[in-house]
Amino acid sequence: MAEAVTTLNPTPRARVQAMKEYHPPLGSRDALRLDFNENTLACSPKVREALASISAGSLTRYPERGPVEAIVAAHLGVAAEQLALTNGVDEAIHVLFETFLEADDELLLPVPTYTMYEIYASATDARVVAIQASDDLQFPFERLLAAITARTKIIAIANPNSPSGAVVSRAQLLEIASRAPHAVVLVDEAYYHFYGETVMDQVGAVPNLVVARTFSKAYGLAGLRLGLLAGPIELMRWIRCVLSPYSVNSLALACLPPALEDTAYLDWYVGEVLAARTEFEAALDAAGVRRWPSQANFILVEIGAQHAEFVRLMREAGVLVRDRSSDPGCNGRVRITIGTREQMKQAIAALNGAVAALKIGIGKP
Ligand SMILES: Cc1ncc(COP(=O)(O)O)c(C=O)c1O
């Protein structure tokens, strides 16, 4: 005889019941977008051409990622079997965590950092061990090493980190990997192009190192959702078991080779952002607003108790910035993406207006 039905509604796993929906503030963004660390202008015109040449007939086929993975792997100097394209780095993180994290495993997470690590980890049965940076927001290297245990399964490191813009050296990353041979060390190089240092050349040589890159930032393709994971063949084999074969769609695949080829456009955009970052740093210093040194296309600033009002005034002046007050150790801090020099003139005017209206920063060195 069939067992009696005792519950009326299907219930998710206990860990999922404890989760909250995450809704990034994406509404009403018709302004200068300095809130999501995106490219603030456009992708390469070569990508536009590739998009325009896609036929209706070609959309009837399932996307085939293999040939494009081979092109991207050659571009990065890794073997095709060492690389998997993903639907943004977010999918890469999700799949990596699903592949490796079991009940009672530990994910070591230096915080504050990118929000999605914690969210995807909370959907697994693993435990997040957060390692809080001190007030300077520098990478907590010694404390991270001390937190490694036999249960550590993944160590997730954004380099450069968000929201701070702080970096960790190659030597330190390799030391972490060698001190935790039983754990996957994920180095998320989402902002690599604004920094220039990488561990991509160590892929395969270091048996537990996995590197992530995105096309959402410098390349300006956030809307297409394109990221990648690169790691040793032995680990990538497991990751591919969990990854959907179709999660990178054919429009994104068609756009990747021209995006990679147009190095002149990428170099121009990165150069523009780096010049604008220097100018914006000078404007922050002149306004007496504390800032953290950044190697990425954004700067974290200290606004203090009036952070919400600051964000509102900036929006009123047509500039969107991101309040990071709810990040661990970041109360009163706001992250401002760097765009082109021309765009940052508007941001500087808005900043000076908000600082004057709120009487913040004045009198500080
Ligand atoms: C460190 C870091 N990794 C990954 C991402 C997301 O990348 P993607 O758009 O490829 O999912 C972000 C976006 O802000 C980020 O800051």
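The values are calculated or read from the model by the stated rules, or taken from the named source; none is laboratory data. Predicted, not measured: the structure shown is a model, and the values here were computed from it. We place every Cβ from the backbone using ideal geometry, glycine too, and count neighbours over all the protein chains shown.
For the reader, a short list of remarks on this structure follows.
- The set of residues in the range 76-111 being farther than 27 Å from Arg65 by Cβ and in a loop (DSSP other than H, G, I, E, B) consists of Glu102, Ala103, Asp104, Asp105.
Let's see how each residue does on (1) farther than 19 Å from Val210 by Cα; (2) among the small types (Gly, Ala, Ser); (3) at pLDDT 95 or above:
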{"site": "Val129", "(1), (2), (3)": "yes, no, yes"}
{"site": "Gln132", "(1), (2), (3)": "yes, no, yes"}
{"site": "Glu142", "(1), (2), (3)": "yes, no, yes"}
{"site": "Thr149", "(1), (2), (3)": "yes, no, yes"}
{"site": "Lys153", "(1), (2), (3)": "no, no, yes"}
{"site": "Pro160", "(1), (2), (3)": "no, no, yes"}
{"site": "Gly165", "(1), (2), (3)": "yes, yes, yes"}
{"site": "Ser169", "(1), (2), (3)": "no, yes, yes"}
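- Scanning the range 31-46 for any residue that is within 16 Å of the ligand (Cβ to nearest atom) and modelled with pLDDT under 95 turns up nothing.
- Taking the range 112-202 as the region of interest, the helices (runs of 4 or more DSSP H) fully inside it that hold 1 or more residues being within 15 Å of the ligand (Cβ to nearest atom) and touching a Phe, Trp or Tyr at 6+ places or on another chain (Cβ under 9 Å) are 115-122.
- Selection within the range 74-100 - under 20 Å from the mean Cα position of the chain (by Cα) and aliphatic (A, V, I, L, M): Leu76, Leu83, Ala84, Leu85, Val89, Ala92, Ile93, Val95, Leu96
- Residue among Leu284, Leu235, Leu260, Leu229 that alone is closer than 27 Å to Ser44 by Cα and in a helix (DSSP H, G or I): Leu260
- Conditions (1) within 30 Å of Ala150 (Cα to Cα); (2) in the same structural domain as Met344 (by TED's automatic domain parsing); (3) of a type in the set (Asp, Glu): number failed by Asp35: (1)
- For the range 203-220, taking the residues that are within 13 Å of the chain's Cα centre (by Cα) and of a type in the set (A, V, I, L, M), the one that is nearest to the ligand (Cβ to nearest atom) is identified as Ala212.
- Screening the range 316-340 for residues that are crowded, with 17+ Cβ neighbours inside 10 Å and among the charged types (D, E, K, R) and picking the one that is nearest to Ile119 (Cα to Cα) gives Asp327.
- Count - residues of the range 102-117 that are in contact with a strand residue (DSSP E or B) (Cβ under 6 Å, 6 or more places away or on another chain) and either modelled with pLDDT under 95 or not β-branched (Val, Ile, Thr) (or both): 8
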